[in-house]
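So the structure is just underneath, and the comments pick up after that.
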Amino acid sequence: MSQKPRLLVTIPLPPKPRKTLQNIDSIEVVHWPEGEVKTSENMAKHVQGCSGILCSVGDKITSEVLDAAGEALKVVSTVSVGYEHIDLTACKNRGIQVGYTPDVLTDATADTTATLTMMATRGISDAIASVKDGRWGKPRAALPLGMQLPGKIIGFLGLGRIGYATALRLRAFGASQFIYHNRGTSRFADDLGARRVEFPQLLAQSDVLIITASLTSESRHLFRKETLAQMKSHAVLVNTARGGFIHQEDLAEALSQGIIGAAGLDVTDPEPIDPSHPLVHLPNCTILPHIGSATLETRNAMGDLALENVLNGMDGKALSTPL
Ligand code: DGY
């Protein structure tokens, strides 16, 4: 049996960190078998005896997984800024370090959020569909008119790094009035001239409401029938954070009944969303397959940082970006 420390890699790595890892022969790398379902039983099987886990948001790192790994496990490193898939308390109780990848994905995710905002406010996905399905030019099939950002109130649930970088991009489209709801005050508020409001005011005042916050048990289904009903009837809801913020059946109803105007989602719950879900077929709902950070440059940077974290942790060193 190999005496080398073992590293479980649960995801296909981007090219740069993959190459780095190929050149390291002081550790044994256990790659998740291609196509194998990520059940807790399978996770427990592969993690046995590992000193490090390199994973991402689709991997549930529970206390059972940590127990299955055994005493050798020193570090869990996720290739993501979100970390709700990791039981941090269980890691802490066992002295296991946890790393994540903040900052390096801010720009790519803000690009996606701003793009999705523009797509949703201008009805771009339905406009593209109308060209493909022959509605273009048929008078009765005229597309609804879109909305521009000058003079509109852009609300952020969670004005952190990604929200701020999104607001800067939307300024180029004429957005100038920003409000936000954070637990405390945002360090980015002054630069944007953004006003902090309570959640009911965020719902009532936003013409465009963008979710760029971390999901917690309290914020699960924050957007449901009762709260959606408090939004403006032309409001556009954009979510690039986590699907769990939104009760999807309630959103589908709100969009089809004109309770709100449109939605743009890069995240759903579960992922992938069932293709037969009503949201997928609504003309005023744009759904992307969780591509927030999906550029070659950013995924390489995230992979590099996560690999650095896991190697440091396996070596008993401090992580560059610990949780
Ligand atoms: C993150 O980093 O949390 C992203 O949502 C994963 O793509």
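We did not get these values from a lab; they are worked out from the coordinates using the rules stated. None of the values given here were measured: they were computed from a predicted structure. Backbone-built Cβ (ideal geometry, glycine too); neighbour counts: all protein chains shown.
Of note:
- Protection proxy ranking, peptides 137-148, 88-99, 277-288, 205-216, average beta carbon neighbours within 10 Å, highest first: 205-216, 277-288, 88-99, 137-148
- Based on the convex hull around the alpha carbon atoms, the chain presents an average projected area of 18.1 nm².
- Paramagnetic reach from LEU143 (point 7 Å along Cα→Cβ, amide N under 14 Å) across the range 243-277: none
- Projected label points at ASP274 and ARG187, each 7 Å from Cα along the beta carbon direction, are separated by 4.4 nanometres.
- Dmax and Rg, reported as Rg then Dmax, of the range 60-190 (C-alpha, Å): 21.5, 69
- For the range 223-250 and the range 39-107, distance of Cα centres in Å: 30 Å
- Virtual spin-label span in nm between GLU218 and ALA44, 7 Å along Cα→Cβ: 3.4 nm
- Nearest-ten-degree value, helix 296-314 long axis tilted from longest Cα axis of the chain: 30 degrees
- Once the Cα atoms are used to define both axes, helix 161-171 deviates from the longest principal axis of the chain by about 30 degrees.
- Translational diffusion coefficient (Stokes-Einstein; Kirkwood radius from C-alpha pairs) of the range 106-287 at 25 °C, 0.890 mPa s, in µm²/s: 150 µm²/s
- Relative contact order [Cα under 8 Å, 6+ residues apart], the chain, whole percent: 19 percent
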